[in-house]
Amino acid sequence: MTRREQGPAGAAVVQSVLEEIERRCGAGVVSTDPADLSELGRDWTKVFAPAPCAIASPRTADDVSAILKVCDAAGVAVVPSGGRTGLAGGAVAKDGELVLSMSRMSAIGEIDVVGRTVRVEAGAVTQAVHERCAELGLTWPVDFASKGSSHVGGNIATNAGGIRVIRYGLTRNWVLGLEVALASGERLAMGQALEKNNTGVDLKQLFIGSEGTLGVITAATLKLTRLPADHDVMLFSLADLSAVIRLFRAAQEAPFQLGAFEFFTDRCLARVERHRKRTSPLSTNGTCFVVLEAERGPANEAWLADLFEKGLVLDGTMAQHASQAASLWELREGISESLSATGLPHKNDIALPIAKLEAFCADLERTLAERYPGWEVCLFGHIGDGNLHVNVMKPDDLEKEAFLARTHDVDRHMFELVKSYGGSISAEHGIGLLKKDWLGFSRSPAEIAAMRAIKRALDPNNTLNPGKIFDA
Amino acid sequence: MKILVALKRVADPDNANKVKIPGSGDRVDTTGLEWKPNPFDEYALEAALRLTENGQQPKTRAGEVVVVTFGPKETETTLRAALATGADKAIRVDATDDQLDGDLVARALKTLVEREKPDLVVMGKQAVDGDSNQVGQILAELLDWPQATFAATIEEEAAGSVLVGREVDGGVAKLRVKLPAVVTVDLRIVAGASVYSTKTARTFKYNEGVRFAALPAIMAAKKKPLTEVKLAELAADTKLKVTYAKFQAPPARKAGIKVKDVAELVDKLQKEAKVL
């Protein structure tokens, strides 16, 4: 039995740990302000009550090492924390853990324009990195709705996806080097600014997507690419999901580089309208919408004309300048926030083979309508990647507790369907706390055993983010 | 009804932090700025489109909207966008911003109005770059036409007039303006029930904001007429009345401070800011 399974550390232990941290790292590193505890103890999931014992905000990688060493020795669990925009509870501290907030370590180093790399500290905000790179005509193509808050360290620890995956792939593809502190306080500097470094096991890959369970990322060397040429941003309305899939095929065969292909339903849009007072600018609206982004080129308009001739879409528009493009994007990017602001969504993030999406969605609607009549389902997602965000909304007349009690059953029904269609129970949000009961629907016992062995090797006392992904 | 809409391309105010002034201070460096139509002029175009249609059937145009801009060749994208949104024809007066001031633009527009003979000229109340708020007023004076500025509502009337609502302190002033006339518009002109042609039922409500170009219209806009006119053709005297002496960035804001509690805040407000 590891030390962490004996439950949260006692108050006296915590007190001496906090004093030791301040002694080693200087005053002002630790906070036990109740406002900080409730704010920094959770992420965008709303279902867990935050209850950390304290917040530590290191200024340097040495501070991170010192904090981990002290906590590991005293048996105080540590939850690494970035911008806390995660949706699986990976950054939730609900059992008296110490939250290690990386916000103060946000330096963005000098950009190497020839090598197209930049070293940033883990707490650098994604959008700040984008803005710095854009000045030099470069970008780090990891992009999603929460980029204004999310940290690079969190992006990497969750191997974040987002709206550009269709063109650039996951975060994993854009990390050249990683600096990590282990639970023991020991530090690893892996990779660095080399595209090619074929020298044994690529250790940094272990930490990418590990959700803070194997080590704390303190800095990363990011791979950059050229800023794409101007984009045409289009919004289409379509009759149904099958038309969406046909439009996706047409977009794959189109004479342009596809930058994004995002789908949402009229129910999502209705929520955006309620919360943000924004609605579809189209005159004919179906049940499905697609935001499509294409690198601008002379052939784009002929392709569009052809779409209309074939009757693939009900209606559509193309942004005429950047602020129109931004307002079309707002319809899609405002969904997640609008769902939370207008109700209580039970969120799921699943992936399916794209050829099976339509059949799966029909099955899902049928299953939910039979078992949970009147429950609203809001579907949106990066449909080009086969990635669907399934949001089951709490009916207004159902108590929160009663709803949460039943969502577990909803998940079981849905994940059984996902499994039967050969999909994944978590496309890009990770496992965290929210999905750990279902890990077995997507990973075999042998795989999980291998993951446990790695966890034990790197974090023998189960200090780092215990209880996330699986119970060690 | 035939309407002339004056559109100006401005640097995107959302990117105001990219505005750079060279050491010499003789101009604003425009390289790297993103451009968009002046928002108030976009609202003017939306108002003009609403005045030349039945709101229930916006695809059938009932009237003519001519858009005009003053700018270099690349401002034609602004005009093409206006054509895609529903305007019928476009005119580009070839000029760069440093060759223009409000007075010269108004004089050149006067000649264009005499050529095009619109029933109504609609434009934004001001451009968000220079914020001069002059062109509409000067143009009305030069044409000796009635003017209504800062319009929040416009209703077309059967008897050859428009009823314009202007928001003033304590209420709305309504002006009945006989056509031909010049109207400059404010933000609220794009609210759902702000503009009605005689064809649109009063029960109809528009979507808030400006309309987007429908995809078939974007294609069709390629074939709509877009002509170029030389500035000298429109104004014999191209001398400027307003010249800029020097450009200077506003002083940078000082960093704020964090206070520990309300007591400290009150103390600072009393002793340092001296506002309490």
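The values are calculated or read from the model by the stated rules, or taken from the named source; none is laboratory data. No experiment lies behind these values; they were computed from the predicted model shown. No Cβ is skipped: glycine too gets one built from the backbone with ideal geometry, and neighbour counts run over all protein chains shown. For accessibility, only protein heavy atoms count, side chains too; no ligands or nucleic acids. Shrake-Rupley method; radii C 1.70, N 1.55, O 1.52, S 1.80 Å.
For this structure, a couple of remarks:
- Ellipsoid semi-axes in whole angstrom, largest first, where each is sqrt(5λ) of the Cα gyration tensor of chain A: 38, 27, 20
- Relative contact order (%) - the stretch A:343-441, alpha-carbon pairs under 8 angstrom, separation at least six: 39 percent
- Over 30 Å between alpha carbons, listed pairs A:Lys277/B:Lys89; A:Lys277/A:Lys347; B:Lys18/B:Lys59; A:Lys400/A:Lys436; A:Lys277/A:Lys394; B:Lys2/B:Lys230: A:Lys277/B:Lys89; B:Lys18/B:Lys59
- All alpha carbon pair distances within the stretch B:216-256 were sorted into 10 Å bins beginning at 0; the resulting P(r) in whole percents reads 17, 18, 19, 21, 20, 4.
- Cβ charges +1 (Lys, Arg) and -1 (Asp, Glu), total dipole of chain A, debye: 680 debye
- Solvent-accessible area buried by pairing A with B, both sides, nearest 100 square angstrom, 1.4 angstrom probe: 1500 Å²
- Of the trypsin sites (Lys or Arg not before Pro) found in the stretch B:20-118, those that fall in a DSSP loop while having at most 15 other beta-carbon atoms within 10 Å are B:Arg27, B:Lys59.
- Taking the centroid of alpha carbons for each part, the stretch A:6-27 and the stretch B:193-256 are 62 Å apart.
- Per residue of chain B, the DSSP helices (runs of n ≥ 4 H) give a summed -39500 (n - 2.57) that works out to -7000 deg cm²/dmol at 222 nm.
- The Kirkwood radius of the stretch B:2-251, taken over pairs of alpha-carbon atoms, gives through the Stokes-Einstein law at 4 °C and 1.567 mPa s a diffusion coefficient of 69 µm² s⁻¹.
- Solvent-accessible area per residue for the stretch A:323-472 (1.4 angstrom probe, square angstrom): 40 Å²
- Quotient of C-alpha Rg and 2.2 N^0.38 Å, computed over the stretch A:89-130: 1.58
- With both labels modelled 7 Å from their Cα along Cα-to-Cβ, the A:Val113 to B:Lys73 distance reads 2.7 nm.
- Hydrodynamic estimate: the Kirkwood radius of the stretch A:231-336 over Cα pairs, inserted into Stokes-Einstein at 4 °C and 1.567 mPa s, corresponds to D of 94 µm²/s.
- Most to least accessible of B:Trp35, B:Trp145 (protein chains only, probe 1.4 Å): B:Trp35, B:Trp145
- Listing of the stretch B:207-222 residues, each with accessible area lower by at least 20 Å² in the full protein assembly than in the chain alone (probe 1.4 Å): B:Asn207, B:Phe212, B:Ala213, B:Leu215, B:Pro216, B:Ile218, B:Met219, B:Lys222
- Given 12 as the ceiling on other Cβ atoms within 10 Å, longest exposed-site-free region of chain A for GluC sites (Glu not before Pro) in DSSP loops: A:254-398
- Residues of the stretch A:286-319 buried by at least 40 Å² on assembly (accessible area, 1.4 Å probe, chain alone as reference): A:Glu301, A:Phe308, A:Thr317
- Within the accessible area of the protein assembly as shown (1.4 Å probe), percent carbon and sulfur: 51 percent
- For B:Gln56 and B:Ala16, a Förster radius of 30 Å and the Cβ-Cβ distance give a FRET efficiency of 0.15, rounded to the nearest 0.05.
- Cα shape, the stretch A:117-226, gyration tensor, a/c 1.5 rule: prolate
- Between the stretch A:211-234 and the stretch B:1-39, the alpha-carbon center distance in angstrom: 31 Å
- Extension reserve of the A:Ala457-A:Asn198 stretch, reckoned as 0.36 nm per residue once the Cα distance is removed: 90.9 nm
- Taking the stretch B:128-257 and dividing mean pair separation by its residue count, relative contact order in percent (alpha carbons under 8 Å, at least six apart): 18 percent
- Residue-level accessible surface for B:Tyr196, protein heavy atoms, 1.4 Å, Å²: 10 Å²
- The distance between label points at A:Asp266 and B:Glu141 comes to 5.4 nm (points 7 Å beyond Cα on the Cα→Cβ vector).
- Note: relative contact order over chain A, using C-alpha pairs below 8 Å and six or more positions apart, is 16 percent.
- Of B:Lys258, B:Lys117, B:Lys199, the one that fluctuates the most in a GNM where chain B has Cα springs shorter than 10 Å: B:Lys258
- Accessible-area rank, largest first, for B:Ser132, A:Ser338: B:Ser132, A:Ser338, with all protein chains present and a 1.4 angstrom probe.
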